[in-house]
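Student: Sharing a structure below in structure tokens format, with a few things to ask.
The values are calculated or read from the model by the stated rules, or taken from the named source; none is laboratory data. Owing to the predicted nature of the structure, the values given are computational and were not obtained by experimental measurement. Here the Cβ positions follow ideal geometry from the backbone for every residue, glycine too, while neighbour counts run over all protein chains shown.
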Amino acid sequence: MARHGTRSPTTKRIKELDRLAARLDVLLNDAKDEAGQNSSSLNTPAWLWGWRSPWEGKQKGGELINKGEEELYLLGKRIKEKFAALFDEEYHPDVFSIRATQVPRASASAVAFGIGLFAGKGNLGPGGHRAFSVISESRASDMCLRFYDSCQTYKRYKENQEPAVDKIKEPILRIIAAEVGRRYQLGFTKQDVASLWFLCKQEASLLDITNQACGLFNATEVSLLEWTDDLEGFLLNGYGNSVNYRMGIPLLQDVIQSIEQAIIAKEGNHTPGTFEKARLRFAHAETVAPFACLLGLFLEGSEFEQIQREEPLDLPSKPPQKRNWKGSVVAPFAGNTMLVLYACHSDDSTKVISSEDRRKKYFVQVLHNEIPVRLPGCGNIDFCPLEVFKEQIVNPHLKHNFDSVCNFMPENTKIHLVSDS
């Protein structure tokens, strides 16, 4: 389950950056007028004067850029190398199932991944590429990868919670606006800081520029701004409320179905090429983050027991305290979570093994961003016996179904507020 690769700003964000350019012109001219004869003493970075958005004039946005293509292409190549035995047979769409959302950057990511994964498996061009299938469902009916579009309970929760998220972020942005404004003698507002922080992230991730917008903030301010982003992701896509991730039950059911079918094929000695060997999915941060929560990733202490009781967790700790929930780790561009099913063979090939014992030889390993993860729901080990994985991690979620989660507002909806101390 992978998020699409690095993309350009969306159309909405392009307009925000255009407004920022006009706003900076006003602030700089005001500062110059106020300084009068002493304008040469203004402590403002040179790049601000006459700055224009790199995306100025673009009418469309949100597309996968070259960097994003490369991220997924290289991911495909690494997975092929790591699991060589899985991908050693001839391609068939039923053996290597690839699905993506209907959003172009997700399907383009699936294509880039497939080019890396199946390189050398065909006869197209000097790279020996081959055609492969990427299936997308309509946004309205894509319950596995865009469940958040169809979950009415989540939509109501998000609409009600967004003002609370803004209220949490407001004091941090206000304090940073005052500090940065004093530093550069400009009358920054909290909205200016929010837009400059977004510009910082775009420059760093898309253009490899870190000495302009990012350079306006010191290390402490960057940590706090990252924290406000993490709070928003936690409350709207993470452990802030159980509806955020339980609406992803169709995706979890899809995973379990894949595992069960693989075991049936293994136990039945099915002929290679007649059964699925990999189920590959490409979507968005709003898919990847809830999926990580369904598996119980990024939890601390007794928090796994809390989510089993459907209790919202406390907000991620404010810097300089450490926290597990970081958006840059949970669902970055090209972020991914893999579940790998292993079959462990008995040393005694002559021993008759019962069906129950056969089930005990299967293990699930979870890798997040290609790194094995110790599962809180499985005694903090990274090779989890399949039956334990199902009983402790999966089944508590499957007490519900999509309709029961998404057609009512849970009583435990909790609005989080923090002070600016």
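Student: Look through segment 199-211, keep the residues that are part of a helix (DSSP H, G or I) and of a type in the set (D, E, K, R), and return whichever of them is surrounded by the most Cβ atoms within 10 Å (Cβ to Cβ).
Tutor: Per the stated criteria, the residue is E203.
Student: Please indicate, with yes or no, whether at least one residue in segment 78-97 is hydroxyl-bearing (S, T, Y), within 19 Å of R7 (Cβ to Cβ) and either part of a helix (DSSP H, G or I) or out of contact with any Leu (no Cβ under 8 Å at 6 or more places or on another chain) (or both).
Tutor: Checked against the condition, which is being hydroxyl-bearing (S, T, Y), within 19 Å of R7 (Cβ to Cβ) and either part of a helix (DSSP H, G or I) or out of contact with any Leu (no Cβ under 8 Å at 6 or more places or on another chain) (or both), segment 78-97 yields no hits at all.
Student: Could you list all residues from segment 84-113 that are farther than 16 Å from D254 by Cβ and more than 23 Å from the chain's Cα centre (by Cα)?
Tutor: Passing the criteria: A84, A85, L86, F87, D88, E89, E90, Y91, H92, P93, V95.
Student: Separate question: Which members of segment 231-279 meet the condition of being part of a loop (DSSP other than H, G, I, E, B), within 30 Å of E170 (Cβ to Cβ) and of a type in the set (F, W, Y)?
Tutor: Correct list: Y239 only.
Student: Oh, and also: Looking only at segment 175-198, filter to residues that are among the hydroxyl-bearing types (S, T, Y) and assigned to a helix (DSSP H, G or I); which one of those is surrounded by the most Cβ atoms within 10 Å (Cβ to Cβ)?
Tutor: S195
Student: Residues of segment 64-80 being under 21 Å from Q202 (Cα atoms) and surrounded by fewer than 16 Cβ atoms within 10 Å (Cβ to Cβ), which ones?
Tutor: Within segment 64-80, N66, E70 qualify.
Student: Counting only residues that are touching a residue at least 60 places away in the same chain (Cβ under 8 Å) and aromatic (F, W, Y), which one in segment 164-202 is nearest to D230 (Cα to Cα)?
Tutor: Taking the candidates together, the pick is F198.
Student: With respect to the numbered conditions (1) at pLDDT 95 or above; (2) closer than 22 Å to L117 by Cα; (3) touching a helix residue (DSSP H, G or I) at 6+ places or on another chain (Cβ under 8 Å); (4) of a type in the set (V, I, T), which one is the sole condition not fulfilled by T274?
Tutor: The single condition T274 does not satisfy is (1).
Student: Which condition number in (1) in contact with a Ser or Thr (Cβ under 7 Å, 6 or more places away or on another chain); (2) without any contact (Cβ under 8 Å) to a residue 12 or more places away in the chain is the one that K60 fails?
Tutor: (2)
Student: Which residue is farthest from P332 (Cα to Cα), if the candidates are limited to segment 1-55 and must be surrounded by 13 or more Cβ atoms within 10 Å (Cβ to Cβ) and among the β-branched types (V, I, T)?
Tutor: Result: T44.
Student: Could you tell me whether segment 337-347 includes any residue that is within 18 Å of the chain's Cα centre (by Cα) and surrounded by fewer than 22 Cβ atoms within 10 Å (Cβ to Cβ)?
Tutor: Looking for residues that are within 18 Å of the chain's Cα centre (by Cα) and surrounded by fewer than 22 Cβ atoms within 10 Å (Cβ to Cβ), one finds at least one in segment 337-347, hence yes.
Student: Can I ask one more? May I ask you to verify whether F291 is surrounded by fewer than 19 Cβ atoms within 10 Å (Cβ to Cβ) and either assigned to a strand (DSSP E or B) or among the aromatic types (F, W, Y) (or both)?
Tutor: Against the criterion (surrounded by fewer than 19 Cβ atoms within 10 Å (Cβ to Cβ) and either assigned to a strand (DSSP E or B) or among the aromatic types (F, W, Y) (or both)), F291 does not qualify.
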